[in-house]
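Notes to accompany the following structure.
The values are calculated or read from the model by the stated rules, or taken from the named source; none is laboratory data. Since we're looking at a predicted model, the values are computed, not measured. Cβ coordinates were reconstructed from backbone atoms using ideal geometry, including for glycine residues, and neighbour counts include every protein chain displayed.
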Amino acid sequence: MIVRPRPTGLILLYAMRGSVLPVIAPRLLLVAALSAAAVWLQHVRPGWFTAVNPAPFTLLGLGVSIFLGFRNSACYDRWWEGRKQWGALLGISRGLLRDVAVLLPEAGGARRHAALLVPEFARTLRDQLRAPVPMPPNRSGEALRQLAEAFAAQMRAGQITDILYRLFSSHLDAMTGVQAACERLRNTPMPFAYSLMLHRSVWLICLLLPFGMVDTLGMATPLLTLVLAYAFLGLDALGEELEEPFTTALNGLPLDGLVRNIEIAAAETLGDPAPEPLAPRDFVLL
């Protein structure tokens with residue numbers, strides 16, 4: 001995730017870190033080449049594009065922009081839902097660690113064992129969400145199972161009451177809910193047919209626009225076409241990034257930083273030296 005002061009003034013024009021411009025630059029070059037070809041054809045064959053009416057391109061552009069807005073809103077909802085789930089996991093983990101610190105006995109290493117399993121769950125969940133394909137077995141679920149077994153063993157040994165066991169179990173149920181919600185986001189992308197239709201429409205308008213506007217704009221056709229192509233292709237590429245919130249892309253969620261916060265909470269619970277919070281590198285926090 002990009003972490004930097006909000007750029008102002010001229011910085012907005014040349015800031016590249018976190019921008020989709022490097023991603024869509026080859027596509028823009030293709031559009032620029034077609035625009036130059038349209039200008040050249042208009043020069044060597046005057047009148048070829050006189051009969052082309054730019055009105056249909058205006059209507060098509062309006063429709064595509066509306067659908068791009070809908071898709072990007074849905075993709076941002078996925079990104080924000082992922083951030084809310086990991087924020088909830090941080091809160092649940094801190095609550096569980098607090099209860100572990102005050103309710104579990106120190107004898108036998110039960111407290112340390114349970115406290116170390118909490119960040120282990122966060123690490124394995126992060127790795128599962130970032131894996132290119134689903135990871136068998138369910139390692140994060142295994143960490144929760146070991147936590148449940150540890151609490152059950154303490155209850156059977158008479159170290160905690162059944163009421164305290166239900167308290168710990170409620171924390172584990174909440175962590176399971178976060179895991180299920182993140183897996184739903186990871187394994188259920190946007191409908192492919194919708195994304196494909198929108199992607200094709202964006203390319204259609206970007207490739208045909210130079211030939212529809214050259215008779216009106218003349219030599220200014222490449223400039224205006226590039227501005228419009230940057231908007232359409234940029235929004236399309238940004239939606240693709242936000243659709244997958246758990247990747248290591250520049251605009252992905254900072255799962256490493258969130259896991260580190262849970263590791264810090266576990267170390268503080270055990271009285272161990274706490275690691276330093278992760279800091280952004282070149283404005284990027286993973």
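In the set (1) touching an Asp or Glu at 6+ places or on another chain (Cβ under 9 Å); (2) modelled with pLDDT of 90 or more, the condition left unmet by residue 114 is number (1).
Of all the residues in the range 266-286, those that are β-branched (Val, Ile, Thr) and either surrounded by 20 or more Cβ atoms within 10 Å (Cβ to Cβ) or at pLDDT 90 or above (or both) number 1.
Restricting the range 160-173 to residues that are in contact (Cβ under 8 Å) with a residue 40 or more places away in the chain and surrounded by fewer than 17 Cβ atoms within 10 Å (Cβ to Cβ), the residue that is farthest from residue 95 (Cα to Cα) is 164. Of the residues making up the range 117-146, just one is touching a residue at least 24 places away in the same chain (Cβ under 8 Å) and over 23 Å from residue 257 (Cα atoms), namely 146. Has the range 72-90 got any residue that is buried (at least 20 other Cβ atoms within 10 Å of the Cβ), touching a Ser or Thr at 6+ places or on another chain (Cβ under 7 Å) and assigned to a helix (DSSP H, G or I)? So far as the range 72-90 goes, no, none of its residues is buried (at least 20 other Cβ atoms within 10 Å of the Cβ), touching a Ser or Thr at 6+ places or on another chain (Cβ under 7 Å) and assigned to a helix (DSSP H, G or I). From 178, 133, 102, grab the single residue that is at pLDDT 95 or above and either in contact with a helix residue (DSSP H, G or I) (Cβ under 6 Å, 6 or more places away or on another chain) or exposed (fewer than 14 other Cβ atoms within 10 Å of the Cβ) (or both). Result of the check over 178, 133, 102: 178.
Among the residues of the range 154-172, is there at least one that is within 22 Å of the chain's Cα centre (by Cα) and aromatic (Phe, Trp, Tyr)?
Going residue by residue through the range 154-172, those that are within 22 Å of the chain's Cα centre (by Cα) are none.
Scanning the range 154-172, I find no residue that is within 22 Å of the chain's Cα centre (by Cα) and aromatic (Phe, Trp, Tyr), so the answer is no.
Criterion applied to 150, 157 was being surrounded by 17 or more Cβ atoms within 10 Å (Cβ to Cβ) and either touching a Phe, Trp or Tyr at 6+ places or on another chain (Cβ under 7 Å) or farther than 30 Å from residue 47 by Cα (or both), and the one residue passing it is 150.
Filtered by the rule that a residue be modelled with pLDDT of 75 or more, basic (Lys, Arg) and either within 30 Å of residue 278 (Cα to Cα) or loosely packed, with under 10 Cβ neighbours inside 10 Å (or both), the range 1-36 gives no residues.
The test for being among the charged types (D, E, K, R), surrounded by 17 or more Cβ atoms within 10 Å (Cβ to Cβ) and within 17 Å of residue 79 (Cα to Cα) does not hold for residue 263.
Out of 228, 217, I need the residue that is surrounded by 15 or more Cβ atoms within 10 Å (Cβ to Cβ), without any contact (Cβ under 8 Å) to a residue 40 or more places away in the chain and either in contact with an Asp or Glu (Cβ under 6 Å, 6 or more places away or on another chain) or closer than 30 Å to residue 46 by Cβ (or both). Which one?
Values: 228 fails: without any contact (Cβ under 8 Å) to a residue 40 or more places away in the chain.
Every option except 217 fails the conditions.
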